[in-house]
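Chemist: Provided herewith is a single structure, encoded as structure tokens, for subsequent inquiry.
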Amino acid sequence: MSSLLVEATGVQKSFDGVPALRDGRFRLARGSVNALCGGNGAGKSTFLSILMGIQSREAGSIRIRDEEVNFESPLDALKHRIAIITQELSPIPYMSVAENIYLGREPRKGVVVDKRMMRANARALLERLNFDIEPAAPMASLSLAQIQLVEIAKAFSFDAEIVIMDEPTSAIGERETHILFKAIRSLTSHGAGIIYVSHRLEELFEIADTYTIFRDGAFVEDGKLADIDRPHLVRQIVGREVAQPRKSSRSDAGKVILDVANLSQPGHFSDISLRVSSGEIVGIYGLMGSGRSEFLNAVYGIGPREAGTVEVDGQVIRPSRPDESIEAGMAMVTEDRKDSGLVLGAPIRHNISLSALKSFSWKGVVQRRKERGHAAEMIRRLNIKTASDELAVSTMSGGNQQKVVLARCLSSRPKVLICDEPTRGIDEGAKQEIYTLLDRFVRSGGAVLLVSSEAPEVLQLSDRIVVFKKGRVKESLPGHSANQETLLHAAS
């Protein structure tokens, strides 16, 4: 029996004559984790879609356990014991957790779905994975992180021998990530192989054995992760050296711009007070369920609050009034760009101008020339890669979509920028560009309140770090003296 579960050579795919994958090469051995690396647009997703039978290839060879395959549908891939956890979550909101996990595979008594058995199976699976989620809960009631865990559980439910994990930790915290890694190690110990895709490079060195790099639609190199370091991996992914902005040279903070006092939302967070000054990035760190995102939503006015006040430059923001927040000088990068940050079917130009239409309007009519001029300036300023501002934002890579979200936020000329997971699911090069953008924003007098589940990101960006635990402020630390161990200790 061959030790290789997957062997791909020379795989090609084009869209409308434009090559998306020119030379896809990949090998996955039994009992191993191979990290598939590359920037947005490198061809990783196209290759995985071909492997799963979602798209057809135009050239090349794919062998599964020494057998040449050409899957016509994901069902063919599942029959060959291949499952995938996709980056883009697609839950059915008003069905239960159990129904989402076993959709299309429901246990039955005759022709009737056996809901009791389905929930029992889901409960056993979730408990085995150590995911604290109620099988009967509707998906609409779950947080983004919990939805991600359900997607992971669904992939594990197929009893697959080859599991593709595309950004499986992009919405979950440190604790859940370690639980997932334990499950991965259990799978590989029984001979399964994992194809692991993540822009969190520190994860790759922790969980993967080997790596494969794609760039511009082609294979670049592969090997053992133990033989390389992070700078080498970044250089090969991006194709150049990537400079990291340094926060240490920022000047002292100025006057208080955002003042939050005694904010509470029962069941999520309680009695939280903090201030953010001009020229300052304040990071919030906490484990899943600590109330981080709920707190940001309440500050901005898109989430409820029972008590407390929010002021922006002295102006009180009423609950559930994000329009007042924008008028007062606040903008927000939401946690899920595709769900709440963008209008995916609308042109890039419209997405950029959406928060500042008054600036481009006369007597209620949008002046297209002004709007186009502004969009062109933001595309240039944020280095957004696009052939035209008329293209639908859904056609862009994740990194460029996130830059459009930031362009929309900056279009309203905010004093305070609230960022919830600002680099979720984007590559290292785009991450560093966004870090530089946030640095420039605070250097010009702005204030940033930031949530990230990535401790290294919080440490790199923040002048001060506020640690949340179970809906309360556990500790406040100077950014220059904190480290990953102190953050994890305080949060857990």
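Chemist: Mind checking which residues of region 132-167 are under 17 Å from the mean Cα position of the chain (by Cα) and not hydrophobic (A, V, I, L, M, F, W, C)?
Modeler: Answer for region 132-167, where residues must be under 17 Å from the mean Cα position of the chain (by Cα) and not hydrophobic (A, V, I, L, M, F, W, C): SER143, GLN146, GLN148, GLU151, ASP166, GLU167.
Chemist: Can you pull out every residue in region 63-91 that is open to solvent by 50 Å² or more (accessible area, probe 1.4 Å), part of a helix (DSSP H, G or I) and without any contact (Cβ under 8 Å) to a residue 40 or more places away in the chain?
Modeler: PRO74, LEU75, LYS79
Chemist: Output the number of residues of region 356-382 satisfying the condition of being polar (S, T, N, Q) and over 15 Å from SER411 (Cα atoms).
Modeler: 1
Chemist: Here's something else I'd like to know. For GLU7, all conditions in the list (1) within 25 Å of the chain's Cα centre (by Cα); (2) modelled with pLDDT of 95 or more hold save one; what is the number of the exception?
Modeler: (1)
Chemist: Follow-up. Looking only at region 276-327, which residues are under 20 Å from GLY445 (Cα atoms), among the hydroxyl-bearing types (Ser, Thr, Tyr) and within 26 Å of the chain's Cα centre (by Cα)?
Modeler: TYR300, SER325, listed by residue number.
Chemist: Tell me which of these LYS13 doesn't satisfy, since it passes every other one: (1) basic (Lys, Arg); (2) open to solvent by less than 40 Å² (accessible area, probe 1.4 Å); (3) touching a residue at least 60 places away in the same chain (Cβ under 8 Å).
Modeler: So LYS13 meets the others, but not (3).
Chemist: For region 440-459, give me each residue that is out of contact with any Lys or Arg (no Cβ under 7 Å at 6 or more places or on another chain) and in contact (Cβ under 8 Å) with a residue 24 or more places away in the chain.
Modeler: Matches in region 440-459: PHE441, GLY445, VAL448, LEU449, LEU450, SER452, SER453, ALA455, PRO456, GLU457, VAL458, LEU459.
Chemist: Would you confirm, using the coordinates I've provided, whether ALA430 is small (Gly, Ala, Ser) and within 20 Å of the chain's Cα centre (by Cα)?
Modeler: Yes, satisfied.
Chemist: Return the residue satisfying two criteria in turn: it lies in region 397-443 and is within 23 Å of ILE284 (Cβ to Cβ) and of a type in the set (S, T, N, Q), and of such residues it is surrounded by the fewest Cβ atoms within 10 Å (Cβ to Cβ).
Modeler: Looking at residues that are within 23 Å of ILE284 (Cβ to Cβ) and of a type in the set (S, T, N, Q), I get THR436.
Chemist: Hey, could you check region 384-411 for residues that are of a type in the set (S, T, N, Q) and in a loop (DSSP other than H, G, I, E, B) and say which is nearest to VAL458 (Cα to Cα)?
Modeler: SER397
Chemist: If only one of ALA407, ALA447 is in contact with a Ser or Thr (Cβ under 7 Å, 6 or more places away or on another chain) and of a type in the set (A, V, I, L, M), which one is it?
Modeler: ALA447
Chemist: Please verify whether GLY39 is open to solvent by less than 30 Å² (accessible area, probe 1.4 Å), part of a loop (DSSP other than H, G, I, E, B) and either touching a Ser or Thr at 6+ places or on another chain (Cβ under 6 Å) or hydroxyl-bearing (Ser, Thr, Tyr) (or both), treating the condition exactly as stated.
Modeler: no
Chemist: Right, here's the next one. Out of curiosity, is GLY471 modelled with pLDDT of 90 or more and under 24 Å from VAL260 (Cα atoms)?
Modeler: no
Chemist: Can you list residue pairs whose Cβ atoms sit under 6 Å apart, with the first residue in region 356-380 being under 18 Å from VAL404 (Cα atoms) and touching a residue at least 12 places away in the same chain (Cβ under 8 Å) and the second being outside any helix (DSSP H, G or I) and not aliphatic (A, V, I, L, M)? Count only pairs 6 or more apart in sequence or on different chains.
Modeler: Pairs that qualify, where the first residue is under 18 Å from VAL404 (Cα atoms) and touching a residue at least 12 places away in the same chain (Cβ under 8 Å) and the partner is outside any helix (DSSP H, G or I) and not aliphatic (A, V, I, L, M), are ALA356/SER412; PHE360/GLN367; ALA375/ASP389.
Chemist: Output the qualifying pairs, or none if there are none: Cβ atoms under 6 angstrom, residues six or more apart or on different chains, first residue in region 224-238 and modelled with pLDDT under 90, second residue assigned to a helix (DSSP H, G or I) and among the small types (Gly, Ala, Ser).
Modeler: Partner pairs satisfying both residue conditions: VAL238/GLY429.
Chemist: With region 412-492 as the region, which helices (runs of 4 or more DSSP H) entirely inside it contain at least 1 residues that are closer than 21 Å to ASN297 by Cα and in contact with a Pro (Cβ under 9 Å, 6 or more places away or on another chain)?
Modeler: 428-443, 455-461
The values are calculated or read from the model by the stated rules, or taken from the named source; none is laboratory data. Since the model is a prediction, treat every value here as computed from it, not as a measurement. Counting neighbours? That spans all protein chains shown, and the Cβs are built from the backbone with ideal geometry, glycine included. Side chains are part of the model used for accessible areas, which takes the heavy atoms of the whole protein and leaves out ligands, DNA and RNA. Shrake-Rupley method; radii C 1.70, N 1.55, O 1.52, S 1.80 Å.
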